[in-house]
Amino acid sequence: MIYDLKSPISINNDPWEAYNDIDEHGSLQLSNIEFTTTTLCNMRCAHCAVGYTLQLRDPDTLPMDLIIKRLDEIPHLKTISITGGEPMFSKKSIRETVVPLLKYAYKRGIYTQMNSNLTLPLDRYLEIAEYIDVMHISHNWGTIEEFSEVGFHVMDKKPPLKARHKLYEQMIQNSATLSEQGMFVSAETMLNKSTQPYLRKIHNEIVHDMKCSRHEIHPMYPSDFASQLNIMSLNEMKDTIHDILDFRNEDTWMLFGTLPFYPCFLNDSDQKLLSRLNESKNVSLRNDPDGRSRLNVNVFSGEVIVTDFGDETGSIANIKQDKLEDVYQTWMQSSLSQSLNCHCPKVRCLGPNLLVKDMYYKDVDFKENERRMNQL
């Protein structure tokens with residue numbers, strides 16, 4: 001497979017959509033690997049899901065030959081995501097880990113996503129631009145003051161205020177420049193009570209100032225470092241999503257992921273929202289790949305987890321001795337996975353992930369819902 005033959009990312013081609021495996025292979029497959037490539041970051045966001053894992057220096061990485069060998073063993077690998085920490089912070093990590101992974105994906109025709117805060121000098125991103133299919137950034141900042149406070153909330157010694165303001169401005173400018181040069185930049189905003197008052201402003205900034213190709217909306221779920229954040233109730237979330245659909249720019253692709261609303265719930269307000277989302281121009285709903293088509297690998301320890309948070313199951317294997325395809329098959333056959341991975345082909349739904357079920361539907365039997373849906 002040749003990189004140039006890959007179809008461009010679009011609302012009709014979202015390679016991170018787990019349902020693609022059903023369409024192509026008739027069943028879920030291991031098609032997505034997410035790599036944690038650094039424990040370093042120039043920020044310390046209050047909402048960071050992996051804040052407890054951040055360090056002042058990176059440990060030694062596993063041999064790249066081992067990591068590549070494990071990727072070679074995955075027959076249906078379609079996407080690789082690179083996360084951290086901030087993957088572009090350490091030049092050593094970029095040189096020894098990030099670039100080799102990106103070049104591997106390039107040669108194999110695999111789609112790549114980089115999760116970055118985009119606050120670093122532009123030339124770092126330009127150096128890898130040819131290998132990146134999606135530059136993914138989190139943008140949850142209602143004001144530059146909030147960025148300066150919340151973005152460095154748990155840093156013992158914060159940079160001067162002027163320097164923090166400059167990072168915010170650099171994030172906006174980097175996004176606009178990379179977008180103008182043809183990179184697909186996708187900005188994610190979390191739904192919680194902190195972002196809710198600023199969603200219109202954030203959306204306008206993402207569309208007009210940052211010139212992003214896509215705006216992602218994902219509810220905030222309490223996990224690990226962000227376990228104390230003030231989340232929305234289901235009704236608050238539904239009202240907020242309706243508001244977003246009212247004010248959004250219809251020319252920009254909006255992707256809603258990890259929503260806690262399902263066709264198998266015979267709830268009028270749920271069904272009304274889902275119908276509106278499905279019928280809206282340039283809107284897509286993504287089945288979460290975590291635990292379905294994706295595993296996360298730590299390049300330092302070799303530990304494998306089934307979400308990029310890890311507090312629900314912890315490490316389930318290690319690539320030092322385990323093939324990722326074997327790990328995936330063992331996970332899929334586990335009682336926890338079996339309790340979650342329902343499938344309703346009529347509505348192309350793969351059910352909840354671990355975070356959603358634990359937060360809102362602890363006592364719901366989604367397998368029973370699946371049976372009912374498939375009988376309709």
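The values are calculated or read from the model by the stated rules, or taken from the named source; none is laboratory data. Every value quoted in this text rests on a predicted model; they were computed, and no experiment measured them. Because the Cβ atoms are built from the backbone with ideal geometry, glycine has one as well, and the counts that use them run over all protein chains shown. Protein only, heavy atoms only, side chains kept; ligands, DNA and RNA dropped before computing areas. Shrake-Rupley method; radii C 1.70, N 1.55, O 1.52, S 1.80 Å.
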Worksheet item: Is it the case that region 235-242 has a residue that's over 20 Å from TRP141 (Cα atoms), open to solvent by 40 Å² or more (accessible area, probe 1.4 Å) and of a type in the set (Asp, Glu)?
Response: yes
Practice prompt. List every residue pair whose Cβ atoms sit under 6 Å apart, with the two residues 6 or more apart in sequence or on different chains, where the first one lies in region 236-258 and is at pLDDT below 95 and the second, anywhere, is open to solvent by less than 30 Å² (accessible area, probe 1.4 Å) and part of a loop (DSSP other than H, G, I, E, B).
Written response: THR258/ASP288
Discussion item. Just to check your reading of the model, which residue among TYR104, TYR131 is more than 23 Å from HIS218 (Cβ to Cβ), in contact with a Leu (Cβ under 6 Å, 6 or more places away or on another chain) and at pLDDT 95 or above?
Written reply: TYR131
Fill in: helices (runs of 4 or more DSSP H) enclosed by region 319-376 - at least 3 residues per element that are at negative phi and hydroxyl-bearing (Ser, Thr, Tyr)
335-340
Worksheet item: Any idea which of (1) closer than 21 Å to ILE137 by Cβ; (2) touching a strand residue (DSSP E or B) at 6+ places or on another chain (Cβ under 9 Å); (3) among the hydrophobic types (A, V, I, L, M, F, W, C); (4) touching a residue at least 60 places away in the same chain (Cβ under 8 Å) is the one ILE82 doesn't satisfy?
Response: (4)
Worksheet entry | Hits in region 135-178 (condition: within 23 Å of MET114 (Cα to Cα) and among the hydrophobic types (A, V, I, L, M, F, W, C)) | MET135, ILE137, TRP141, PHE147, VAL150, PHE152, LEU167, MET171, ILE172, ALA176, LEU178
Discussion item. Can you tell me how many residues within region 228-257 are more than 17 Å from ARG214 (Cα to Cα), in a loop (DSSP other than H, G, I, E, B) and hydroxyl-bearing (Ser, Thr, Tyr)?
Written reply: 1
Practice prompt. Scan the strands (runs of 3 or more DSSP E) fully inside region 262-311 and keep the ones with 1 or more residues being of a type in the set (Asp, Glu).
Written response: 303-305
Worksheet item: Quick one: would you say MET359 is hydrophobic (A, V, I, L, M, F, W, C), in contact with a Cys (Cβ under 6 Å, 6 or more places away or on another chain) and either modelled with pLDDT under 85 or under 17 Å from PHE35 (Cα atoms) (or both)?
Response: no
Fill in: Residue check for ILE217: closer than 20 Å to ASP288 by Cα and either part of a strand (DSSP E or B) or out of contact with any Asp or Glu (no Cβ under 6 Å at 6 or more places or on another chain) (or both)
yes
